[in-house]
Amino acid sequence: MTVHLVNPSHVSFGIGVITPRWLYVLAAATPDTYGPPALADETLEPLEFSSIKAGDIVGIGIHTGNALRGYEVGRAAREAGATVIFGGIHATLYPEEAQQLGAAHAVVTGDGDRVWSTVLADCQAGRLQPRYDGGRIEGGEFLRGRWELLPEGRYMWASVQTVRGCPKHCSFCSVWRTDGQRPRQRGWESVLEEIVELRRRGFRFIALADDNFYPVTLNDLRMAARRADPSHLKQLEDARNSRFELMAQLEKLPGDSVFFTQITMEAAEDPEFLDAMRRAHIKGALVGVESVTPEGLKDIYKDFNMSGEALVGRLRTFRKHGVHVLGSFIFGLPSDRPETFDATLAVAERADLTFAQFVMLTPFPGTLDFAAWEKTMGSQPESIAGIPVTRHWLIPQERRPKVYVEHPVMTPDEIRARTQAVWDRFYSVRSIWNRSRVVTSMKGRLAFLLISKIYRQMYANTGIATDSARVSRSAQWARLMARPCRRLFAGRPMPDLRLAPDA
Ligand code: SF4
């Protein structure tokens, strides 16, 4: 009997950008008595269905984007006589769907780290339940990935998680609803051990796949200090100190290490934190800028962000302290107007951003925006291939529409065309070349150009384009470029690397 873990995907690139962490974490959660699990990441290549035999257990992790492919895999695995178990964010939101369409014998909701071994044991003992709630485990219980199972030379970035959950409540984001609003932070010792292991294996680039790397703001500390009971303040201070301790340890890694994370713009208030990030080789962060206007920020409940000149100042602060920013912007907010596109591009260009992404407001399941959008569609929404558009992820890939929140003055086509034009201008060769000054050598600048173009190709063309021919051309191009690009990321394996806490 083999335990298979499958990360489904309709498109395979041969090379992956980031290691799908959940596969390696669930591998670690699989007791040794079951033997080494067989891991399949379909973003590399399609699953070999013949490898699944009667009596095997197949775990499939899905998010909304790959749910349909996950269901195909689930049905085929069940037909082959395997026990099928679904988990992941989408299965947490729609457990019945995985049972009805994915032929799941069981569905795990919430965090899988701890509950997975119980699911396997129940399966072996013939008492498998249809539902398991993994809940939200504490940071100290997060498992390390079993990285010795990684295939050689297939990924550009490794991934490590240091904190789950976000105290904010942005309307387009499901993180605070699925991972909770209380940040659950992992102890720095276990994070460090995992990072050292990945560095030994030759990963120089590591994504800190966190919901928000800056979970305690200075304002949080001020508010806690006003409370009569000091315990909350103490908790926040401990969490903040643990961040600094982790960063002090990362500082000792070889100088060519590169980390990237996600962070809220509030971190710009905290030069001490940004300096610690730079010293820790955290060279860049995705910052959700979303909108450049106060009205836009209000639309999405993100008024803790800055707008206008203050926004430019905040974003520049990151660069001043040596942290590069990938700015993320959303178009199609109710208050957006045709002139918003140029205004956004101007901010993106003036704010010293190294990379930027421009996405259209999309109602993702699990978000407040989705609930509001679903309501506006009424009880008889339009159907495609017999499937209501409010379940658009179940519509076959080639006929699946892009769904967007209805806009008061612009059509989806207008928003799409204007968004595409902003991508084209931000990623014109001339603009990229100007930004490539962040690196000094000619080789480095050419690499920057290549990476910028690949980034644009993978995200703008596959994400915004509506015609499937364009999506497929983009995927082919990205597939072709991915292999040479991966070489730029590869580091030298350092099997002897040691990093004692007090070294
Ligand atoms: S968008 Fe970012 S800041 Fe807002 S809730 Fe999601 S993770 Fe938190």
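The values are calculated or read from the model by the stated rules, or taken from the named source; none is laboratory data. These numbers were taken from a predicted model, which means no experiment stands behind them. Note that we place each Cβ from the backbone using ideal geometry, even for glycine, and neighbour counts take in every protein chain shown. When the accessible area is computed, the model is the full protein with side chains, heavy atoms only, and any ligands, DNA or RNA have been set aside. Shrake-Rupley method; radii C 1.70, N 1.55, O 1.52, S 1.80 Å.
The radius of gyration of the Cα set in the range 269-395, together with its Dmax, comes out at 17.9, 56 angstrom. Cα centroid separation, the range 259-294 to the range 147-192: 16 Å. Please work out whether the range 324-397 counts as rounded, prolate or oblate from its C-alpha gyration tensor, where a ≥ b ≥ c are the square roots of the eigenvalues and a/c under 1.5 means rounded, while otherwise a/b larger than b/c means prolate and anything else oblate? Judged from the Cα gyration tensor, the range 324-397 comes out prolate (a/c at least 1.5, a/b above b/c). Comparing Cα centroids, the range 99-143 and the range 242-258 end up 34 angstrom apart. Amide H contacts under 5 Å for residue 357: 327, 328, 329, restricted to partners 5 or more places along the chain or on a different chain, H placed in the peptide plane at 1.01 Å from N. Looking at the square roots a ≥ b ≥ c of the eigenvalues of the Cα gyration tensor of the range 22-108, which shape do they give, rounded for a/c under 1.5, prolate if a/b is larger than b/c, or oblate? Rounded, since a/c falls under 1.5.
Solvent-accessible surface (1.4 Å probe) assigned to residue 413 amounts to roughly 100 Å².
Our helix-only sum for the chain, with -39,500 (n - 2.57) per DSSP H run of n ≥ 4 divided by its residues, gives a mean residue ellipticity at 222 nm of -12000 deg cm²/dmol. Based on protein heavy atoms only, the range 145-292 ends up with 37 Å² per residue of surface accessible to a 1.4 Å probe. Ordering 47, 250 by accessible surface, largest first, gives 47, 250; the 1.4 Å probe counts only protein heavy atoms, with every chain in place.
Ordered from highest to lowest accessible area with the whole protein assembly present and a 1.4 Å probe, 188, 393, 433 read as 433, 188, 393.
For the chain, taking a cut-off of 4.7 Å between Cβ atoms, the unpaired cysteines are 123, 166, 485. Look at the Cα gyration tensor of the range 365-444: its axes a ≥ b ≥ c give a/c of at least 1.5 with a/b over b/c, and that counts as prolate. Per-peptide packing, taken as the mean over residues of other Cβ atoms within 10 Å, places 238-246, 310-318, 485-493, 323-331 in the sequence 323-331, 310-318, 238-246, 485-493 from highest down.
Distance check, please: which entries in 298/320; 168/234; 283/320; 252/283 exceed 18 angstrom between their Cα atoms?
Exceeds cut-off: 298/320; 168/234.
Candidates 103, 119, 143 compared by Cα position along the dipole of the range 91-149: farthest toward the positive end lies 119, with charges placed on Cβ.
Rounding to the nearest 20 debye, state how big the charge dipole of the chain is about its Cα centre with +1 on each Lys and Arg Cβ and -1 on each Asp and Glu Cβ. Before the final figure, lay out the partial values.
Details: 63 positive and 58 negative charges, 292 e Å.
Rounded to the nearest 20 debye, it is 1400 debye.
The radius of gyration of the Cα set in the chain, together with its Dmax, comes out at 22.6, 65 angstrom. For the range 91-208, the Kirkwood estimate of the hydrodynamic radius, built from every pair of different alpha carbons, is 16.5 Å. Measuring nothing but protein heavy atoms, the accessible surface of the range 345-456 at 1.4 Å probe radius is 56 percent carbon and sulfur.
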